[in-house]
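Colleague: Right, I'll just put the structure down here and ask away after.
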Amino acid sequence: MKEKHPLTINKVETAWIECLNTRPEGEDRTKEILAACMECVRVCEEHYGENNLHLIRPLYTAYTATIHDTQEAKNAVSQKMIDLQVDDKSIQDNQYIYKSQIVDIIMRIATGLTQQTLIEVMVHLQRLYEVQCEYCEGDQAHPFLEEAVSVQASFLERIQRYD
C-alpha cells in the first residue's frame, strides 16, 4: 500500500475544515473542526516527529478551533505550540505563535473590558509588538507587524485613546 504524504492529508483535512465552517455554529461543528485539526497534528507528528517546525501551522489551526471550546482545551494546544523545539531550542519566535497571541487578545477584548483587562491588554499588545519588532530585526515596516499594529489601533480606538 502506498503511504500518503502528510501535506496531501493536511490539504484534504483543511478543505474539510473549510466545509465545516460553512455550517451553522454549534457544539457539534466545533467538535468536528477540532477533530479534523487534531488529525492534521497527528499526521504531522507521525510523519515528522513530535518536535518539528511542520507542526506550527496545524497547531495554530487547532488553537483557533479551540476558541469556543474549554479553556483547558485551548491551553493544551497553546502549550503544545510553546513546547515545540528545533535543535533543542524553544520555538518562541514564530509568526503562528504571535498570531495565536493576537487571537487571544482579540477574544479578551471581545469579552468586555474591565479596568484590569484594559491594562493587561495594553501591556500585552505593547509587549507583543516589541517582540515582533525584535523578530523582524527592528524593521518596523515589516508585514508581520501589520496584525499587531491593526489590533492595537482598533483597541485604542475602542477605548477612545488617540494620543
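Colleague: Of all residues in segment 25-36, which are assigned to a helix (DSSP H, G or I) and either of a type in the set (Gly, Ala, Ser) or surrounded by 15 or more Cβ atoms within 10 Å (Cβ to Cβ) (or both)?
Modeller: Result: Arg29, Thr30, Glu32, Ile33, Leu34, Ala35, Ala36.
Colleague: Moving on to the next point. So is Ile109 assigned by TED's automatic domain parsing to the domain that holds Val131 and under 14 Å from the mean Cα position of the chain (by Cα) or not?
Modeller: Criteria not met by Ile109.
Colleague: Report whether or not Val77 is assigned to a helix (DSSP H, G or I) and farther than 25 Å from Cys44 by Cα.
Modeller: Working: assigned to a helix (DSSP H, G or I): yes; farther than 25 Å from Cys44 by Cα: no.
Here the answer is no, as Val77 does not meet what is asked.
Colleague: May I ask you to list pairs of residues, at least six apart or on different chains, whose Cβ atoms are under 9 Å apart, with the first in segment 143-161 being without any contact (Cβ under 8 Å) to a residue 12 or more places away in the chain and within 10 Å of Leu125 (Cα to Cα) and the second being loosely packed, with under 13 Cβ neighbours inside 10 Å and of a type in the set (A, V, I, L, M)?
Modeller: Listed by first residue and then by second, the contacts come to nothing, as the list is empty.
Colleague: Is it true that some residue in segment 37-49 is farther than 25 Å from Cys136 by Cα, part of a loop (DSSP other than H, G, I, E, B) and in the same structural domain as Val131 (by TED's automatic domain parsing)?
Modeller: no
Colleague: When both residues are 6+ apart or on different chains and their Cβ atoms are under 8 Å apart, which pairs have a first residue that lies in segment 73-92 and is under 28 Å from Lys31 (Cα atoms) and not assigned by TED's automatic domain parsing to the domain that holds Tyr135, and a second that is aromatic (Phe, Trp, Tyr) and surrounded by 12 or more Cβ atoms within 10 Å (Cβ to Cβ)?
Modeller: Short answer, once both residue conditions are applied: Lys74/Tyr63; Val77/Tyr63; Ser78/Tyr63; Met81/Tyr60; Met81/Tyr63; Met81/Tyr96.
Colleague: With the structure loaded, tell me whether Tyr162 is in contact with a helix residue (DSSP H, G or I) (Cβ under 9 Å, 6 or more places away or on another chain), over 21 Å from Leu34 (Cβ atoms), of a type outside the set (A, V, I, L, M) and assigned to a loop (DSSP other than H, G, I, E, B) or whether it fails that test. Steps first, please.
Modeller: Values: in contact with a helix residue (DSSP H, G or I) (Cβ under 9 Å, 6 or more places away or on another chain): yes; over 21 Å from Leu34 (Cβ atoms): yes; of a type outside the set (A, V, I, L, M): yes; assigned to a loop (DSSP other than H, G, I, E, B): yes.
For Tyr162, the condition - in contact with a helix residue (DSSP H, G or I) (Cβ under 9 Å, 6 or more places away or on another chain), over 21 Å from Leu34 (Cβ atoms), of a type outside the set (A, V, I, L, M) and assigned to a loop (DSSP other than H, G, I, E, B) - is met.
Colleague: Right, another one. I'd like to know if segment 54-73 contains one or more residues that are in a helix (DSSP H, G or I), among the aromatic types (Phe, Trp, Tyr) and touching a Leu at 6+ places or on another chain (Cβ under 9 Å).
Modeller: No: zero hits.
Colleague: Name every residue in segment 90-125 that is closer than 30 Å to Asn52 by Cα, assigned to a loop (DSSP other than H, G, I, E, B) and among the hydrophobic types (A, V, I, L, M, F, W, C), in order of residue number.
Modeller: Within segment 90-125, the subset closer than 30 Å to Asn52 by Cα is 90-108, 124-125.
Retained after the next criterion (residues that are assigned to a loop (DSSP other than H, G, I, E, B)): 91-94.
Scanning segment 90-125 gives a single hit, Ile91.
The values are calculated or read from the model by the stated rules, or taken from the named source; none is laboratory data. These figures come from a predicted structure and were not determined experimentally. Every residue, glycine among them, receives a Cβ derived from its backbone with ideal geometry; neighbour counts consider all protein chains shown.
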